[in-house]
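Accompanying notes for the structure given below.
Every read-out reported here was derived from the displayed coordinates using simple, explicitly stated rules and does not represent laboratory data. Please read all numbers here as calculations on a predicted model, not as lab measurements. Cβ placement follows ideal geometry from the backbone for every residue including glycine, while neighbour counts extend to all protein chains displayed.
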Amino acid sequence: MTAARPLPYGDPAHLAAHQFLVEEAALLDAADYPGWLELLCEDIRYLMPVRVTTARGAGFDSLAGMGHFDEDLYALRKRVQRLATDHAWTEDPPSRTRHFVTNVRTFRHDGDDLRVESALLLFRSRGDTREADLVSAGRTDLLRATPDGLRLARREITVDESVLRTQNLAVFL
Amino acid sequence: MLDLSSIVSQVRRGMIPAHVYADPEIFAAERDRLFARSWVFLAHESEIPDPGDYVVRRVLADSFIVARDEAGAVRVMFNMCLHRGMQVCRAEMGNASHFRCPYHAWTYRNDGRLAGLPFHREAYGGEDGFPRAGQSLLPAPSMATHNGLIFISGDPGAPPLRDYLGDFAFYLDFYTRQSPAGVELRGPQRWRVKANWKIGAENFAGDSYHTPHTHASVVDIGLFREPKASQRIQGALYQAGPGAGTTYKLPPGAGNEQSFADQLRYVGYPDAMIPAMAATWSERQRALIADSGFMPSAATLFPNLSFVHNWPQVDAAGTVAPFISLRQWQPVSARETEVLSWFAVDAAAPEDFKRRSYRAYLMCFGSSGMFEQDDVENWVSITEMAAGSMARRLNLNSRMGLTSEGKPLKPPLANFAGPGLAYRGFGEYGQRHWLSQWSDHLSREAR
């Protein structure tokens, strides 16, 4: 179903998809997680496979059946609810984060739906003595056209490390 | 200069010199006296089911290939070429009949035997110059398996693994043998934390006391059917052989087989799994759950393999699903640890259960788990504080459950079905049990 070539950068669908990702990043960096949940479809799948180091030609570079995330809306809501409690110590004091979104490519999917590939660099700084963390990842998103605008129906995060260097994933990518 | 005997004597009284959680000299002693000798977990057989399958795992700086050879046997080989010392396998998993060194192409079978080297006749004069027979990647000095768990020891004269596991083997079955099929491991998730490796190991060995506060948030959001954190004090803490762990108290049962099944249903095991659990576990193991009414939760097998079993709600309808995780605290330095976290599930479990259980695991533990996130925050902070000068003036109090004279505040449970010692309520029994073994190792000469 997916067209092989990305939409031209001037295509309104591409512009809308790009703006969606930038606005989403702004919500995450502002820690507006309830606002972020509003961007998700009811049937969202939010995936982040575990990457592994394999020989060239092995035919796989992520683990079958194991991710860092494999979430539906219930699980994402619980994570957001938790961050809003007075006891989510790992994010209190909160991290300072910056989601850099770039290399956006938009493809026509089914009907008005869009498949959007992007590169993400997350900068995360905590406290005053620790080194900041960087998480680099590619993302493949499925954006669904709804009466309220584009909504995220599926995200697969392809992290670029086999061993994460951030102390946990109390953040969204 | 490190005064190990003074440190160890403080630790044995339950007063822990804080610097042991960040001290490079202590780390060197742990490497030479503990990890050079102790049985250490590397992998599970389910990770390498077929001939040629391998994973590469480390014990501190030593890299090992854990492979299933063509005859189906598990081999653990030091990942260093006999010729110039290159890593012969630089992937972390895969399937291979041979491992070929990238430097000069010395090539090894997946059982470690040297299969060939280029220009053997021209460069070495053939078998006269370099007899190939008997040449093999260095095997781990000792290797043994239990319930599919693959352990190695740097001591060729290590006690048999089963002897080492002792009474902890009783508890190990709850995590790794729920049916004759055994468990399958998925993962591991791997991530590095700026925390000393001992802190996690101690925590899982018996720290039920941190749950009500550290993990208050998961109760706040209703992840559990009952306010579990406040129930933690009702559980029993046990120590047995080289392990120690925690349990949750289950609702009162009638002390019969029906109750055994009810208790397992209560934590979310489907009826399809319960007959195999009843048949696989001994009468005494069943009694721990049915008669004593305790369900195993977190545990640590000394030195650095921990387990967790918990049962959150995995959907808005309130479906309760249990999960098991194995996790290893792989030391990188005095101040850094690589965490390897696996999801484990009975290999014979129904697929829909495996799916629920996996989702339960992801929400609670591992790199994104809502319990683990707050644990690691504590452990990083402890390590950071332990690195300074003031920490050398502070002995951390790990004496909960002891009187000022060092006697137990209360007697062990008399009606606890499992082996070893068990106590009801909070107490740092398991942590002291772990630290006692740490002290034994650090008191011995380096290997």
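Here are some notes:
- With contributions of -39500 (n - 2.57) from each DSSP H run of at least four residues, the per-residue ellipticity at 222 nm computed over chain B stands at -8000 deg cm²/dmol.
- Its residue count N fixes a reference of 2.2 N^0.38 Å for the protein assembly as shown, and the Cα radius of gyration divided by that reference is 1.01.
- Calculated from backbone phi, Karplus (6.51, -1.76, 1.60) coupling profile of segment B:435-447 in Hz, x at Gly/Pro: 5, 5, 5, 4, 5, 4, 5, 6, 8, 8, 5, 5, 7
- For a paramagnetic label modelled on B:A276 (point 7 Å from Cα along Cα→Cβ), amide N atoms under 17 Å away belong, within segment B:175-209, to B:175-186.
- When only alpha carbons are used to place a centre, segment B:10-50 and segment A:115-173 end up 34 Å from one another.
- Residue order, fewest to most beta carbons within 10 Å, for B:E202, B:E47, B:E127: B:E127, B:E47, B:E202
- Cα-based shape type of segment B:41-146, given that a ≥ b ≥ c are square roots of the gyration tensor eigenvalues and the cut on a/c is 1.5: prolate
- Applying 0.36 nm per residue to the separation of B:Q258 and B:H213 and subtracting their alpha-carbon distance, the gain on full extension is 12.7 nm.
- Considering segment B:136-184 at the alpha-carbon level, its Rg and Dmax are found to be 12.6, 38 Å.
- Those Cys residues of chain B for which no other cysteine Cβ falls under 4.7 Å: B:C89, B:C364
- In the elastic network of chain B, a GNM with C-alpha springs shorter than 10 Å, the most mobile of B:G268, B:G187, B:G148 is B:G187.
- Value in Å of the Kirkwood radius, where chain A supplies the Cα pairs that are averaged: 17.1
- Against the rule of thumb 2.2 N^0.38 Å, how large the Cα Rg of chain B comes out: 1.03
- Equivalent ellipsoid dimensions for segment B:373-432 as semi-axes, Å, which come from the Cα gyration tensor, largest first: 30, 17, 8
- Cut-off under 5 Å, modelled amide H: who pairs with A:L173 long-range: none
- Cα gyration tensor shape of segment B:142-277, rounded if a/c is under 1.5, else prolate or oblate by comparing a/b with b/c: oblate
- Comparing Cα centroids, segment A:10-49 and segment B:381-447 end up 48 angstrom apart.
- Shape of segment A:62-106 from the C-alpha gyration tensor: oblate (a/c of 1.5 or more and a/b not above b/c, with a ≥ b ≥ c the square roots of its eigenvalues).
- Gain upon complete extension [A:L121, A:L37; 0.36 nm per residue less C-alpha separation]: 28.2 nm
- Each stretch of four or more DSSP H residues adds -39500 (n - 2.57); spread over every residue of chain A, this sum gives -6000 deg cm²/dmol at 222 nm.
- For B:Y358, B:Y171, order by how many other beta-carbon atoms lie within 10 Å, fewest first: B:Y358, B:Y171
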